[in-house]
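Working notes for the structure below.
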Amino acid sequence: MGHVNLPSSKRNARQWRLFDLVSAAFLAAVVLLFILVFTPFGNSLASSGRHALLQSTADPKQRHRMMALVEAGHQQTIESCPADAVDYMPCEDPRRNSQLSREMNYYRERHCPLPEETPLCLIPPPEGYHISVRWPESLHKIWHSNMPHNKIADRKGHQGWMKKEGLHFIFPGGGTMFPDGAIQYIEKLKQYIPIAGGNLRTALDMGCGVASFGGYLLAEDILTLSFAPRDSHKSQIQFALERGIPAFVAMLGTRRLPFPAFSFDLVHCSRCLIPFTAYNATYFIEVDRVLRPGGYLVISGPPVRWPKQDKEWADLQAVARALCYGLIVVDGNTVVWKKPNGDSCLPNQNEFGLELCDESDDPSYAWYFKLKKCVSRTSTVKGEYAVGMISKWPERLSKAPSRANLMKNGIDAFESDTRRWARRVAYYKKSLNLKLVTPALRNIMDMNAFFGGFAAALLSDPVWVMNVVPAHKPSTLGVIYDRGLIGVYHDWCEPFSTYPRTYDLIHVDAIESLIKDSVSGKSRCNLVDLMVEIDRIIRPEGTVVIRDSPEVIDKVGRMANAIRWTATVHEKEPESHGREKILVATKIFWKLPSASH
């Protein structure tokens with residue numbers, strides 16, 4: 001076949017294509033370098049720790065064999081994760097989540113890997129890690145080497161958030177909207193809100209920074225649960241927990257927050273940057289769902305009287321009016337509203353088209369439950385739980401709340417549960433040598449809280465308790481909040497939304513029930529994974545207390561050895577008629593071998 005004579009421009013097409021490809025690759029490299037160095041996305045990639053080993057899917061058969069060896073007690077130790085996994089959070093991994101939709105911040109919510117994709121290894125502490133500064137000194141300073149992330153100190157130091165001083169980060173107590181300190185800010189709010197006197201007990205701080213607001217409300221006997229999303233090495237929630245302030249990782253995105261309806265006496269946003277009126281005021285409606293009737297909503301910062309945000313500020317006021325919130329004050333850039341005591345005055349004409357939810361809607365369903373564009377009816381939850389009607393603190397701790405009646409014989413069950421845990425905790429302190437009355441313990445978790453009896457029995461101790469109600473069990477979390485305690489829903493077949501090394505003591509009653517289906521009795525997930533997760537969130541030298549049948553305790557004891565815990569098994573308290581044993585374990589403070597130079 002003869003050759004066709006082509007113009008020179010076409011004759012060199014292959015060379016031109018090669019040149020274009022090289023040029024495009026070079027341009028892409030430049031753009032990628034810019035993203036990694038100068039943008040938050042690059043920060044998020046860095047903060048995820050470049051989990052090459054963690055992200056690679058291990059051989060499922062090998063993983064299964066390893067778990068079988070651990071369960072049987074034949075595996076001496078589970079290997080440590082790589083050094084760059086020190087802050088690994090399986091369900092809030094920026095590298096995984098960055099591939100997801102940004103609509104309504106979906107990508108910043110929980111997205112957990114499948115169990116077989118989760119690394120079966122133990123998270124190491126960072127190099128130079130110290131046992132945490134003890135409470136209450138930790139409110140004001142922590143070890144820099146425990147979280148060597150300087151972004152907040154560099155960017156917010158002039159606002160009094162935190163700053164580096166020698167070997168420590170120190171916390172003057174300031175915030176963007178209260179640079180003179182949280183104490184002065186709280187004093188300002190006292191002019192408009194009954195902060196003292198026991199009327200208010202539970203508070204929610206959204207987009208909390210390093211949680212100084214919640215930290216300083218503790219002096220007023222107000223227990224604040226602070227939350228913020230995982231971010232690019234600013235580690236706000238990790239700083240809050242290291243300080244000993246109640247906090248966890250969460251994002252107001254496409255789903256309800258993991259709380260029951262009408263839980264918080266006070267909801268606070270200080271420059272939390274939540275677009276309350278966006279998506280037909282969906283986020284304001286979610287705040288309304290968790291705020292107790294008669295409770296208070298405080299927003300400081302944009303859009304409240306904020307430059308160039310006149311429309312957003314007008315919309316925010318319009319939504320509040322539509323829901324019949326009483327405006328107490330606009331003080332500078334701070335607004336305070338009071339939620340009405342009864343059902344909202346809806347339906348009425350409003351520009352957002354807000355309507356009451358159907359009577360069949362349960363406003364306390366909140367585990368992976370999509371946000372609704374309707375307003376929760378207070379009438380769907382029976383009983384007295386409005387601010388002003390519920391008992392003042394501390395009386396409300398021991399009085400059986402009317403929400404306990406949601407269960408059959410709930411009031412009797414509540415009272416017997418309270419007595420049972422008072423006995424058990426007294427036995428823990430006397431016979432198990434737990435450091436419950438010492439500064440060694442501050443952050444405590446009860447993984448299977450029921451009515452919060454364990455936490456209630458610790459009232460006189462300098463601790464706070466994250467009460468976790470498993471999502472597949474009866475929804476008793478509303479009772480816990482009515483008592484003036486705090487907690488979240490969670491399914492223990494998934495990792496918890498917190499950083500590694502954030503709890504001093506983890507307590508679990510009936511651990512096997514957390515992973516078993518209550519109907520079939522079959523395991524929904526593996527106990528080894530749950531034990532590795534407990535190890536991830538407990539601090540070095542922290543304590544784990546597990547109550548269960550002798551058979552389960554034997555199994556847990558074998559696993560404890562593989563996780564590098566030192567464990568002892570104890571008999572139950574003499575007054576107990578159950579068939580139980582108690583395992584008390586301490587997490588050994590181990591370190592990765594130093595890298596050779």
Any chance you could count how many residues in the range 121-165 are of a type in the set (S, T, N, Q) and closer than 30 Å to Gln76 by Cβ?
3
With respect to the numbered conditions (1) in contact with a Lys or Arg (Cβ under 6 Å, 6 or more places away or on another chain); (2) part of a helix (DSSP H, G or I), which one is the sole condition not fulfilled by Gln62?
(1)
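Condition first: assigned to a loop (DSSP other than H, G, I, E, B) and either over 13 Å from Leu458 (Cβ atoms) or more than 26 Å from the chain's Cα centre (by Cα) (or both). Now tell me which residues in the range 406-441 satisfy that.
Selection gives Met407, Lys408, Asn409, Leu432, Asn433, Pro439, Ala440.
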Can you name the residue in the range 97-111 that is open to solvent by 60 Å² or more (accessible area, probe 1.4 Å) and closer than 13 Å to Leu252 by Cβ and, of all such residues, is farthest from the chain's Cα centre (by Cα)?
Tyr106
Testing Ser379 on (1) within 26 Å of the chain's Cα centre (by Cα); (2) in a helix (DSSP H, G or I); (3) more than 24 Å from Met104 (Cβ to Cβ), one condition comes back false. Which one is that?
(1)
Give the residues of the range 133-167 that are in a strand (DSSP E or B) and either surrounded by fewer than 17 Cβ atoms within 10 Å (Cβ to Cβ) or of a type in the set (Ser, Thr, Tyr) (or both), sorted by residue number.
Lys164, Glu165
Pick from the range 488-544, criterion small (Gly, Ala, Ser) and within 25 Å of Gly478 (Cα to Cα), ranking: surrounded by the most Cβ atoms within 10 Å (Cβ to Cβ):
Ser497
Of the residues in the range 278-307, those that are touching a helix residue (DSSP H, G or I) at 6+ places or on another chain (Cβ under 7 Å) and assigned to a loop (DSSP other than H, G, I, E, B) number 4
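From the list Leu291, Leu327, Leu323, which one is surrounded by 20 or more Cβ atoms within 10 Å (Cβ to Cβ) and at pLDDT 95 or above? Write out each step before concluding.
Values: Leu327 fails: surrounded by 20 or more Cβ atoms within 10 Å (Cβ to Cβ); Leu323 fails: at pLDDT 95 or above.
Result: Leu291 is the single residue among Leu291, Leu327, Leu323 that is surrounded by 20 or more Cβ atoms within 10 Å (Cβ to Cβ) and at pLDDT 95 or above.
Within the group Phe227, Phe264, which residue is of a type outside the set (Val, Ile, Thr), touching a helix residue (DSSP H, G or I) at 6+ places or on another chain (Cβ under 6 Å) and buried (at least 23 other Cβ atoms within 10 Å of the Cβ)?
Matching residue, one of Phe227, Phe264: Phe264.
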Result of the Cβ filter at 6 Å on the range 173-200, keeping first residues that are outside the structural domain of Arg155 (by the TED database) and charged (D, E, K, R) and partners that are buried (at least 18 other Cβ atoms within 10 Å of the Cβ) and not in a loop (DSSP other than H, G, I, E, B), at least 6 apart or interchain, is none
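For (1) in contact with a Phe, Trp or Tyr (Cβ under 7 Å, 6 or more places away or on another chain); (2) assigned to a loop (DSSP other than H, G, I, E, B), each residue gets a yes or a no:
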| residue | (1), (2) |
| --- | --- |
| Pro363 | no, yes |
| Ala366 | yes, yes |
| Lys372 | no, yes |
| Ala386 | no, yes |
| Lys392 | no, yes |
| Ala404 | yes, no |
Residue selected from the range 470-488 under the condition part of a strand (DSSP E or B) and under 29 Å from Gly197 (Cα atoms), by the criterion farthest from the chain's Cα centre (by Cα)
Ile486
Within the range 565-589, tally of residues that are modelled with pLDDT under 95 and touching a Leu at 6+ places or on another chain (Cβ under 9 Å)
0
Run Phe450 past the list (1) open to solvent by 30 Å² or more (accessible area, probe 1.4 Å); (2) at pLDDT 95 or above; (3) farther than 29 Å from Arg501 by Cβ and report the number of the one that doesn't hold.
(3)
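The values are calculated or read from the model by the stated rules, or taken from the named source; none is laboratory data. For clarity, every value in this text was computed on a predicted model and none was experimentally measured. Every residue, glycine as well, gets a Cβ built from its backbone with ideal geometry; the counts of neighbours run over all protein chains shown. For the accessible areas, the whole protein counts, side chains as well, though only heavy atoms, and no ligand, DNA or RNA atoms are used. Shrake-Rupley method; radii C 1.70, N 1.55, O 1.52, S 1.80 Å.
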